[in-house]
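Asks: Mind having a look at this structure? Questions to follow.
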Amino acid sequence: VELGHDVMGVDETQAMLSVARTRVPEAEFQAGSLTALPLGDEEADLALCALALTHVAELGPAGSELRRVVRPGGRVVVSDVHPTFVALGSQGAYRVDDERAGFVRNHQHWPGAYLAAFAAAGLDVRASHDVVYRREEVDVWINRLDLAPDVAYEALVGLPAVVVWDLARA
């Protein structure tokens, strides 16, 4: 939005859409799912899927839907909870009124599963990046979960936190 692009955000929940509308009032937001995006075929130059594929059991339908909405030559960028962290038990926690309210399940998807889903959808992998926890990110978890700092730093710093896929539609 700040760069002058038309931006549409999609989420399944009205609560998340409300948060997004507050943070980026200039963007358009609609309800939808990863397997039924509220866009026409080849309507977007770029699709960004942020920390969401880990919440689906099967990657294929979401990968195909992301490809569907992107123009030929367009890009898809996917960030997701790193599969190593999911294997260690990471789940998507959410809060309501500053209180821990619950979790959205994370599904285990190893890199081979992402690669197979992207290939089947017709998305070419341009790059993949593993983003590791630094002390600054661990500080967030220490404050949110009331963790002992020394233990949290030792347990988390250097572990892969997020994987980012840079994809292109052929």
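Asks: Within the chain, what's the longest run with no trypsin sites (Lys or Arg not before Pro) in a DSSP loop and at most 14 other beta-carbon atoms within 10 Å? Give the range, please.
Replies: Value returned for the longest uninterrupted segment is 1-104.
Asks: Still on this model: What are the semi-axes of the equivalent ellipsoid of segment 11-83, taken as the square roots of 5 times the eigenvalues of the Cα gyration tensor, listed largest first and rounded to whole Å?
Replies: Those come to 19, 17, 12 Å.
Asks: May I pose another question? Using alpha-carbon pairs under 8 Å, 6+ residues apart, how would you state the relative contact order of the chain in percent?
Replies: Values: 281 pairs, mean separation 37.5, N = 170.
In percent, rounded to a whole number, it is 22.
Asks: Then there's this: Report P(r) for the chain: all Cα-Cα distances, bin width 5 Å, range 0 to the bin holding the largest distance, values in whole percent.
Replies: 1, 8, 15, 19, 19, 17, 13, 6, 2, 0, 0
Asks: Shifting gears a bit: With a 1.4 Å probe and all protein chains kept in place, how much accessible area does Glu58 have, in Å² rounded to the nearest 10?
Replies: Taking all protein chains as shown, Glu58 has close to 130 Å².
Asks: So, taking all protein chains as they sit and a 1.4 Å probe, how much accessible area belongs to His129, in Å² rounded to tens?
Replies: My reading of the accessible area for His129 is about 100 Å².
Asks: Rounded to the nearest 20 debye, what is the charge dipole size of the chain about its Cα centre when +1 sits on each Lys and Arg Cβ and -1 on each Asp and Glu Cβ?
Replies: It works out to roughly 340 debye.
Asks: Which percentage, to the nearest 5, of the DSSP beta bridges contained in the chain is antiparallel?
Replies: Taking every DSSP beta bridge within the chain, about 70 percent pair in antiparallel fashion.
The values are calculated or read from the model by the stated rules, or taken from the named source; none is laboratory data. Because the structure is predicted, anything quoted here is derived from the model rather than measured. With ideal geometry, Cβ positions are generated from the backbone for all residues, glycine too; neighbour counts draw on all protein chains shown. Areas reflect the complete protein model, heavy atoms only, side chains present, ligands, DNA and RNA absent. Shrake-Rupley method; radii C 1.70, N 1.55, O 1.52, S 1.80 Å.
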